[in-house]
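Here's the structure we're looking at; comments come further down.
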Amino acid sequence: MRIVYHLGAHCTDEERLIRCLLKNRVTLAAQGILVPAPTRYRRLLRDTAVQLKGAASDAEIQTIVMEQLVEDNQASRVVLSWDSFLSFPQWVLNGQMYTFAGERIRAFTRILPQNEAEFHLALRNPATFVPALFEKQRARPYEDFIRGTYPAELRWSLVVRQILAQNPGVPLVIWCDEDTPLIWPEVLQAVSGHADGTELTDTDELLAAIMSPEGLAQLKAYLVAHPPASIQQRRRIVAAFLDKYALPERIEMNIDLPGWTAELVEEITAAYYEDVALIRQMPGVTFIAP
């Protein structure tokens, strides 16, 4: 059995992926893919990892956890999703992002060390990631939130390197959150592992969040009337409809943080693009790109 860990990151997925897979759990179960409700495992895994302190679990603990996770012993793949696998939101920034990500996710995988693991992670431009993360803080002053961290120096490649170093041989699938509207079907399939040709339902939540209702309705009708001949063609169609019907207030972020200028945002964004190019070349990484 393979345990699939969808790691977030924070301020990317916002639970849309797990909601979609849960709506399709019957279809996926027919293929040996189990999607437990998050309430079955998030607190359980957190408390167990704290108890083990990084050590591998014994047979008794493994049995208890598996009984909570797995209802069908015939399942070959179990999908777990939680953006706090890598860190709780208030501890994401500490000079860099997710400074203990590799160690933390290794502690989770050692709860079920006899099972293969697989990681999935969405990246987001720090120029929008940091402001979005700050919005999640509860009455915490920006000065405390950002202390010791320089936004222009944030690099996802450091997070990826430590995940790979602490978890050698574990497949790591990565994509950019900014690309998700164009690659959503591929992301869903990568995480769930469902067979080609599988028809999932209720897969439009992401597009519905950023497009006008009439635009989404026209896109869906167009795809039915003109089924794309390839993934690339579907992406071009979606991109064309987004250009026409995307809601600016849903896709554009007004950044209003102390010391943040347009020049700083441009600097952070340029560094992000360079960082993503570096990550795409890393051994052990599978990158989903438009």
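Placing unit charges on the Cβ atoms only, positive for Lys and Arg and negative for Asp and Glu, gives region 1-132 a dipole magnitude near 260 debye about its Cα centre. Over all distinct Cα-Cα pairs of region 75-230, the Kirkwood formula returns a hydrodynamic radius of 18.2 Å.
Given in Å, the Rg to one decimal and the Dmax to the nearest whole number for the Cα atoms of the chain are 19.6, 56. For region 11-156, the equivalent ellipsoid derived from the Cα gyration tensor has semi-axes of 31, 19, 13 Å, listed largest first. The number of Lys pairs in the chain with C-alpha atoms less than 30 Å apart, excluding pairs fewer than 8 positions apart on the same chain, is 5.
For the chain, DSSP calls about 10 percent of its internal beta bridges antiparallel.
Strictly greater than 18 Å: what percent of every Cα pair in region 1-49 meets that?
Details: 437 of 1176 pairs.
Counting pairs separated by more than 18 Å, the tail of P(r) holds 37 percent.
Overall, the ratio between the Cα radius of gyration of region 2-96 and 2.2 N^0.38 Å, rounded to two decimals, is 1.16. For the pair region 157-178 and region 179-233, the centres of their Cα atoms are 26 angstrom apart.
Computed from phi, the 3J(HN,Hα) profile of region 34-45 under the Karplus parametrisation 6.51, -1.76, 1.60 (θ = phi - 60°) reads 9, 10, x, 5, x, 5, 7, 9, 5, 5, 4, 5 Hz, with x in place of Gly and Pro. Over all pairs of different C-alpha atoms, region 82-153 has a mean inverse distance whose reciprocal, the Kirkwood radius, equals 13.7 Å. In the elastic network of the chain, a GNM with C-alpha springs shorter than 10 Å, the most mobile of TRP175, TRP184, TRP260 is TRP260.
Here the 3J(HN,Hα) profile of region 243-258, calculated from phi with Karplus coefficients 6.51, -1.76 and 1.60 at θ = phi - 60°, is 4, 8, 10, 5, 8, x, 5, 8, 10, 10, 10, 8, 8, 10, 10, x Hz, Gly and Pro shown as x. Projecting the Cα atoms of PRO283, ILE237, ASN254 onto the charge dipole of region 231-290 (Cβ charges, centred on the Cα centre) puts ILE237 farthest toward the positive pole.
Quick note: the coordinates plus some simple rules give every number you see, no bench work behind them. Note that the structure is a prediction, hence the values are computed from the model and not measured. A quick note on method: Cβ atoms are made from the backbone with ideal geometry, for glycine too, and the neighbour counts reach across all protein chains shown.
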